[in-house]
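What follows is calculated from the coordinates using simple rules that are stated; it is not laboratory data. All values derive from a computational prediction rather than experimental measurement. Heads up, the Cβs are rebuilt from the backbone with ideal geometry, glycines too, and the neighbour counts pull from every protein chain shown.
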Amino acid sequence: MKKIFLISILVVTAVSLFAQISLNQKDNGLIPGETASVQETQFMEPGASGANLIWDFSKLQNTETKPAGQISTVPVKALNGVGAYNLVLNEGRYEYFYNADENGFEEVGMISNDNEIALVYTDPIRKMNYPFTYGSHIGDTYSAYSTFKETTRIDYSGEYTVDGDAFGTLILPDRVLKNTLRIKVARNGMERYMCGSTEVHSERYLWYAAGYRYPVLTLSIVNYQIGGQAPVTTRKATLNVNQHVETEVIAGLDPTQKPDQSDVSVILYPNPFNEKLTYNYYLRKDMSVSIDLFDITGKISAKLLKTQSQAEGLHTGEINSQTKDLNPGIYYLRFTFDNKVVTNKIVKI
């Protein structure tokens, strides 16, 4: 009976520790009346997809603050021919028209505030389905037409995909956000007009963190190719960390979890583990570090790192249960950073 009870505890622990962020309309939908300004920053490569990743964007440098975007239900400029919509995002020069409900939202049109461009989707783009988490996928095709200065017609068509392609820990210049979901949005399209055509290929990477309604980091890569000319690529990055942090965090996460803005941050995975556990720690300044592994009785099972001075940045290591001869059970991994001690309970199964 005791053995069965222990296994049950380990299963419950595993489920709770691996609960992933799940986007939904209540916690992540657009809210009419809200405004937000984002900080443009230098571009860095988005990195690989997968599970339990660490994205180190601690060296991002801000460049400028973009004008605030505003969400409403009534557009500043009317858009003739657009289908049903209930939300409008005014973002700088453009207004985007959305039809949204508890199941997600789609984009149905766009107009520039100077009336030079007015775009209407004959087949809207499905941009989000709720709930959306790691491994979720949306595949859609779209078609649209626009008028430029009310004279030139442009026809649009293409494919649009949205993937929950990665999750892990996001390290920003002023905070560490754990259990972060990354969404990859890809568009492959064609724009056709009287004098020729333009191919457009774009990728956007958006990082969502617990308690934040909107993406905290967005990276965009857009590739244009007009006719037979050489392609032109633009890259852009924006931060949105000054948004209001919800008191109710996204379902499936620990409601006590807060952004980590201390001098050190420790990340462990997987936990519970079988053969190997990886530990990462991020230092915001140079400091001395030691790492010890204790069993449940308080006896040192392994001295993983003797005290040594380490530089600011990301450090990594691992515990191999075979080489350390670890039996199933509960252990404690103790990090000493200068005079600060951080202890994590780990479970070998």
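Cα-based Rg of segment 264-348 per 2.2 N^0.38 Å, rounded to two decimals?
Dividing the Cα Rg of segment 264-348 by 2.2 N^0.38 Å gives 1.05.
According to a simple spin-label model (label point 7 Å from Cα along Cα-to-Cβ), what is the distance in nm between T63 and V341?
Distance between label points: 4.7 nm.
Taking the mean number of other Cβ atoms within 10 Å as a proxy for protection, how do you rank 328-334, 94-100, 178-184 from highest to lowest?
178-184, 94-100, 328-334
Quick one: the Cα spread of segment 281-330 along its three principal axes, in angstroms, biggest first?
Computed over the Cα atoms, the extents are 35, 18, 15 Å.
Using all Cα-Cα distances in segment 66-129, what percent lands in each 10 angstrom bin from 0 up to the longest?
24, 55, 20, 1
Scan around Q310 for amide H atoms under 5 Å from its own, H built in the peptide plane at 1.01 Å from N, and keep only partners 5 or more places away or cross-chain.
Sorted by chain and number, the residues that satisfy this are M287, S288, V289.
Kirkwood Rh over Cα pairs of segment 25-239 into Stokes-Einstein at 37 °C, 0.692 mPa s: D in µm²/s?
My calculation gives 178 µm²/s for D.
Quick one: which residues, 5 or more positions from V108 or on another chain, have an amide H under 5 Å from its amide H? H modelled 1.01 Å from N in the peptide plane, none for Pro or chain starts.
F97, Y98, N99
Could you check the spin-label model distance between K149 and S309? Points 7 Å from the Cα along Cα→Cβ, value in nm.
So the two model labels end up 6.5 nm from each other.
So for the chain, taking the charge dipole from beta-carbon charges (+1 Lys/Arg, -1 Asp/Glu), which of P124, T336, L60 sits furthest toward the positive end?
Selected residue: T336.
Amide H to amide H under 5 Å from Q243: which residues, 5+ apart in sequence or cross-chain, H placed 1.01 Å off N in plane?
Amide H neighbours of Q243: none.
With a 10 Å cut-off between alpha carbons and a GNM built on the chain, which of S220, S197, S37 moves the most?
The residue that fluctuates most here is S197.
Percentage of Cα-Cα pair distances in segment 89-179 greater than 21 Å, rounded to whole percent?
49 percent
Lysines near K324 by alpha-carbon distance under 23 Å, same-chain residues fewer than 8 away left out - which ones?
Qualifying lysines at Cα under 23 Å: K276, K299, K303, K306, K345, K348.
Helix 2-17 versus the longest principal axis of the chain: what is the Cα-based angle in degrees, 0 to 90, to the nearest 10?
Rounded to the nearest ten degrees, it is 40.
When the dipole is taken about the Cα centre of the chain, and only Lys, Arg (+1) and Asp, Glu (-1) are charged at their Cβ, what size is it in debye, to the nearest 20?
Roughly 1260 debye for the chain.
For segment 128-184, what D do you get in µm² per second when you plug the Kirkwood radius from alpha-carbon pairs into Stokes-Einstein at 10 °C and 1.306 mPa s?
Answer, rounded: 111 µm²/s.
³J(HN,Hα) across segment 270-281 via Karplus (A = 6.51, B = -1.76, C = 1.60, θ = phi - 60°), whole Hz, x for Gly/Pro?
Ordered by residue, 3J(HN,Hα) equals x, 8, x, 10, 10, 8, 9, 10, 9, 10, 10, 9 Hz.
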